[in-house]
Amino acid sequence: MIQSNDRKTQNICCIIGIMILVILAFIHGWDVLDGVTESGHTWEFSRYIMVAAGGMAVSVLAAVLLCGKKIRLDRCFLPLMLCFGILYLYVLPPLSAPDETRHYISAYQLSNQMMGVAADAPEGRVPVRVQDWFAEDTEGNYVTETLDDGTLAVVADGADGAVVLGQTLTEETYVRIHEYMQDDTGNEDSDGLALSIHAPVVTTPVVYLAPALGITAARLLGLHTIWLLVLARLGNLFLYAVVTSLAIRRMPFGKELLFGTAMLPMSVHLAASCSYDAALLCGIWYFTAVCMDLAYSGERVGWSDVIKLAAVMALVGPCKMVYAVFMGLCLLIPVRKFGSRGRWLISAVMVFGAWAAAMVLVNAQTVTAYATDTGNYIDWAGEAGYTFMELIHRPLDTFRLFFNTVIWQAETWHLTMLGAYLGNVDLVLDVPYVLLLALTAGLLLLAFRKPGESIRPALWGKVWIWCLCLVCTGALMLSMLLAWTPVSSRVICGVQGRYFLPFLPVFLVTLKNDTIVLTKNPDRSILYLMCCGNAYVVVRIYSIVCMRL
């Protein structure tokens, strides 16, 4: 009878989710019609129909996988993530994600190395195909000249500045992409090279392997710029979907929490972009899953497990140094599972040593500069910034900055972590606050204890995880204080909610308690409704862009 009631509840959730989607798609359809009437681009409405139909189709697939037969969550996640990622990729086009332009250039740099092309050029620029300049300067505003080696380079900014494809997502972006896709003449210049306008990110190139493979494939096939960017994004999406699916499978408990976090609008948006955040997120989640499995499920730690942990830290650790704090999750694993203290010590040295070696190879110069610089200049603000030594000698002022930031910015962190403002943190491309509240409630319900469920980790384990989360948050704030905050600011600038996504699942796991215990297990229904929320996000964002003339 209990199973029958649960199935009935799931069926009701499925029906309600689809009905709400249909109604909302119809409402936003009127908005798209208004935008199309104003712009005259009637093809945008047919594409809106495709987006709405795609969102509903993926929601039906979610209903079948999550609320139908009891298919394992990791097997449900992979197809759903790929489908939602493609929808996000279509609605939020290339280079629209945070800092995506520089990440794209970094992947292009690695692609050059794969193809035997000179990867670097003077002033840190990267050789790209001439036609691929379109992505960085869609209106051709820069003044260029041909160098002695036949390479094109920028010699002066245009009067109106460059317009990067998708960086400010408007209806005109859709028009540019539509017109470019209809025009094959760009392939005529595919053999020429130009120096990129933007510089690459200085970090470990491994995190760009997936998008670089996509770029290389596009270049070998002679595809034009839009398809090159799409394949780069698809490479990242596939990596994210596969590795996160493996992490969900490895998690001994809290699988639904990792599923829900990985399916948040911000998570999907980053996964379907060229950003290294895709590799960073799935890498940290896999590291967490292995640690939790070894700590609370596995009987013995094998050398293969140690190698996996060391490899993940070596590969993703240099991207954002602050996440190295979560090597502390390894301390949750009992020493007895290693077989001896000697094996435990060797394992610890392997994991920490792999991270330290990667740090020396990639970030040694950056760390030294932050620690020893006596002056700091914040380019975007046009004024001086803080130095590490100043912060040490002014502890009260430093504490006040941290305190003010938490008090004044916590709401923004929460909203942007879930995906309140998509695109390049664009306030216009917003997700309704009601949906954000629903996503928050869904994550909390997933975290609370269900009937017959044991509480893991124990209290001391929870406290340790809370300490790691707190230290990592402080390290994030410190890094942005040094790199992005002018001395005139009363808060730390540049901290975004997406930076908290790597440790959100493990934090939510610790919320399970004996005080709040649900009478039923609604996890799959909640995950299905979160998928419906994602479908609505793509419908809404597309309609907003069509009206943003």
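The values are calculated or read from the model by the stated rules, or taken from the named source; none is laboratory data. It should be emphasised that the depicted structure is a prediction, and the values quoted were computed from it without experimental measurement. Backbone-built Cβ (ideal geometry, glycine too); neighbour counts: all protein chains shown. Note: areas computed on protein heavy atoms with side chains; ligands, DNA, RNA excluded. Shrake-Rupley method; radii C 1.70, N 1.55, O 1.52, S 1.80 Å.
Note on Leu345 and Arg400: the extension gain reaches 15.9 nm, defined as 0.36 nm multiplied by sequence separation minus the Cα-Cα distance. Computed per residue of the chain from DSSP H runs no shorter than four, each worth -39500 (n - 2.57), the mean residue ellipticity at 222 nm is -20500 deg cm²/dmol. Average accessible surface for segment 408-493: 45 Å² per residue, computed with a 1.4 Å probe over protein heavy atoms with every protein chain in place. Here segment 321-475 has 71 percent of its accessible surface on carbon and sulfur atoms, given a 1.4 Å probe and all protein chains in place. Relative to the globular-protein estimate of 2.2 N^0.38 Å, the Cα radius of gyration of segment 6-113 stands at 1.40.
Close lysine pairs were tallied over the chain: pairs 8 or more places apart or on different chains with Cα atoms under 17 Å apart number 12.
Here each label is just a point 7 Å from Cα along the line to Cβ, and for Arg72 and Glu383 those points are 5.6 nm apart.
Heavy-atom surface analysis with a 1.4 Å probe gives segment 16-146 a carbon and sulfur content of 66 percent of its accessible area.
Of all DSSP-defined beta bridges confined to the chain, some 85% are antiparallel rather than parallel.
One entry in (1) 94, 37, 18; (2) 37, 32, 23; (3) 48, 23, 21 is semi-axes √(5λ) of the Cα gyration tensor in Å calculated from the shown coordinates; its label is (2). The share of C-alpha pairs in segment 205-288 whose separation exceeds 19 Å stands at 38 percent. Pairwise Cα distances in segment 417-549 exceed 22 Å in 54 percent of cases.
For segment 215-324, trypsin sites (Lys or Arg not before Pro) are listed when DSSP marks them as loop and at most 15 other Cβ atoms sit within 10 Å of their Cβ; the list is Arg300. A Förster radius of 30 Å, combined with the Cβ-Cβ distance separating Ser46 from Val425, puts the computed FRET efficiency at roughly 0.50.
A 1.4 Å probe run over segment 270-330, with the rest of the protein chains in place, finds 24 Å² accessible per residue. Each Cα pair under 8 Å and six or more residues apart adds its separation to the average, and for segment 10-139 the resulting relative contact order is 16 percent.
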